[in-house]
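Notes follow once the structure below has been shown.
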Amino acid sequence: MLARFVLREMTFYDTGEQAQKINQGRDNIFKGLTQIVAAARIAHKISSTEDDAMIVQLIFDIYQAESRRWLHQEEPQLINGLEVLERALKLLISGLD
């Protein structure tokens, strides 16, 4: 239950004592994802002409949405939540040919 409240608040932190920590954590996630996307592009695993920042934002958005959806369940099941997240990310990666 606590994770539900934390996730709800994390997205909108812009002032206050914890805002800097939350924002720094989010920035670190973005930096890590940016490195992963850049490495995938170098390895020719990403052929999109879209810039890395947009790809990273989309990955994060999917993660955040699926996390919220999972936490909103009355009794969230970790395995099920991870399976849905994996499916969503695979769909992003493979596209909608």
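Remarks
- Subset of the stretch 71-93 (residues that are open to solvent by 70 Å² or more (accessible area, probe 1.4 Å) and part of a helix (DSSP H, G or I)): 72, 78, 79, 80, 82, 83, 86, 87, 90, 91, 93
- Pairs with Cβ under 8 Å, 6+ apart, first in the stretch 61-81 and at positive phi, second open to solvent by 80 Å² or more (accessible area, probe 1.4 Å) and of a type in the set (A, V, I, L, M, F, W, C): none
- Within the stretch 18-54, the set of residues being closer than 21 Å to residue 95 by Cα, in a helix (DSSP H, G or I) and of a type in the set (A, V, I, L, M) comprises 33, 36, 37, 38, 39, 40, 42, 53, 54.
- Verdict on residue 87 being basic (Lys, Arg) and in contact (Cβ under 8 Å) with a residue 40 or more places away in the chain: no
The values are calculated or read from the model by the stated rules, or taken from the named source; none is laboratory data. In this text, all values refer to a predicted model and were calculated from it rather than measured experimentally. For neighbour counting, all protein chains shown are included, and Cβ atoms are generated from backbone atoms with ideal geometry for every residue, glycine included. Surface accessibility is based on the protein's heavy atoms, side chains included, excluding ligands, DNA and RNA. Shrake-Rupley method; radii C 1.70, N 1.55, O 1.52, S 1.80 Å.
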